Amino acid sequence: MIGAVLAGGRGKRFGGDKLLFKISGKPLIIHTIERLEGAGSIDEVVIVASPENVGKLRPLGYEVIVDELLIGPIGGIYTALSLGDAFVVAGDMPLLVPGFIDFIVERFRLVRKPACVPRWSNGYLEPLHAAYSRRFRSLLEEKIKTEQYAINRAVRDSDACYIEIEDFPESWKESLFNVNTREDLRRIKGIRES
């Protein structure tokens, strides 16, 4: 299973390039990648970047594939799935829990659905902490052709499996945390700004 890290955003709310912002001496995105690599189900990690971010991300030493669509997360996921089945996360998720990732991938392999996505009790989905089948790409292609760019809608329109988040310990729920503002950095335990 490929681990695909989406790195197409501009970090407006953060006030700069948050993915390269150094925390404990390492860029935020490296904290995310290292956690993703800790999952036994992930064979390799690739970064899916917008054309403007490619040059900044290649020096990190990971394969970078370019999302030419520039239509948000749906385009990044579509691009990642050109390589095969993928577990997709956002680059600003430094508290990923490898055990939770492995649980989702195991469930994904067992149920053989096009996607396996965490869902809150209020119906809110976490599509950027989810496993997708390469065959999900054809549904995304149809959505993209008709300019329906909401990834949540694409997931709901598929025969996806859902992981009910409330069933899991609080420590696993931390995996879903993402950094949007500099204040969010204060929530990261054990990682300090450098």
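The values are calculated or read from the model by the stated rules, or taken from the named source; none is laboratory data. Predicted model only: the values in this text are computed from it and were never measured. Ideal geometry is used to build each Cβ from the backbone, glycine not excepted, and the neighbour counts take in all protein chains shown.
At-a-glance table
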{"item": "Residue match in the range 109-118 (condition: under 30 Å from Arg187 (Cβ atoms), among the aliphatic types (A, V, I, L, M), outside any helix (DSSP H, G or I) and under 15 Å from the mean Cα position of the chain (by Cα))", "result": "yes"}
{"item": "Odd one out for Lys22 among (1) more than 16 Å from the chain's Cα centre (by Cα); (2) surrounded by 17 or more Cβ atoms within 10 Å (Cβ to Cβ); (3) of a type in the set (Lys, Arg)", "result": "(2)"}
{"item": "Sole exception among (1) under 16 Å from Met1 (Cβ atoms); (2) without any contact (Cβ under 8 Å) to a residue 60 or more places away in the chain; (3) over 15 Å from the mean Cα position of the chain (by Cα) for Val48, by number", "result": "(3)"}
{"item": "Some residue of the range 44-65 being closer than 22 Å to Asn180 by Cα, among the hydrophobic types (A, V, I, L, M, F, W, C) and surrounded by fewer than 16 Cβ atoms within 10 Å (Cβ to Cβ)", "result": "yes"}
{"item": "Close pairs (6 angstrom Cβ cut-off, 6 or more residues apart or separate chains): β-branched (Val, Ile, Thr) in the range 10-37, in a loop (DSSP other than H, G, I, E, B) and modelled with pLDDT of 90 or more anywhere", "result": "Ile29/Gly91; Thr32/Gly91; Thr32/Met93; Thr32/Pro94"}
{"item": "Number of positions in the range 115-131 that are touching a strand residue (DSSP E or B) at 6+ places or on another chain (Cβ under 7 Å) and without any contact (Cβ under 8 Å) to a residue 40 or more places away in the chain", "result": "1"}
{"item": "Filtered residue count, the range 148-169, keeping only those that are assigned to a loop (DSSP other than H, G, I, E, B) and either at pLDDT below 95 or closer than 13 Å to Tyr132 by Cβ (or both)", "result": "5"}
{"item": "Residue list for the range 102-153, filter: acidic (Asp, Glu) and on the phi > 0 side of the Ramachandran plot", "result": "Glu147"}
{"item": "Matching residues in the range 30-76 - criterion: being in a loop (DSSP other than H, G, I, E, B), within 27 Å of Gln148 (Cβ to Cβ) and small (Gly, Ala, Ser)", "result": "Ser50, Gly72"}
{"item": "Residue ID - surrounded by the most Cβ atoms within 10 Å (Cβ to Cβ), chosen from residues in the range 74-97 that are in contact with a Gly (Cβ under 8 Å, 6 or more places away or on another chain) and closer than 12 Å to Leu140 by Cα", "result": "Gly76"}
{"item": "Qualifying position, being free of Cβ contacts under 8 Å to residues at least 12 places away in the same chain and either of a type in the set (Phe, Trp, Tyr) or crowded, with 16+ Cβ neighbours inside 10 Å (or both), among Lys173, Lys145", "result": "Lys173"}
{"item": "Failed item in (1) modelled with pLDDT under 95; (2) in contact with a strand residue (DSSP E or B) (Cβ under 6 Å, 6 or more places away or on another chain); (3) in a loop (DSSP other than H, G, I, E, B), with Arg13 passing the rest", "result": "(2)"}
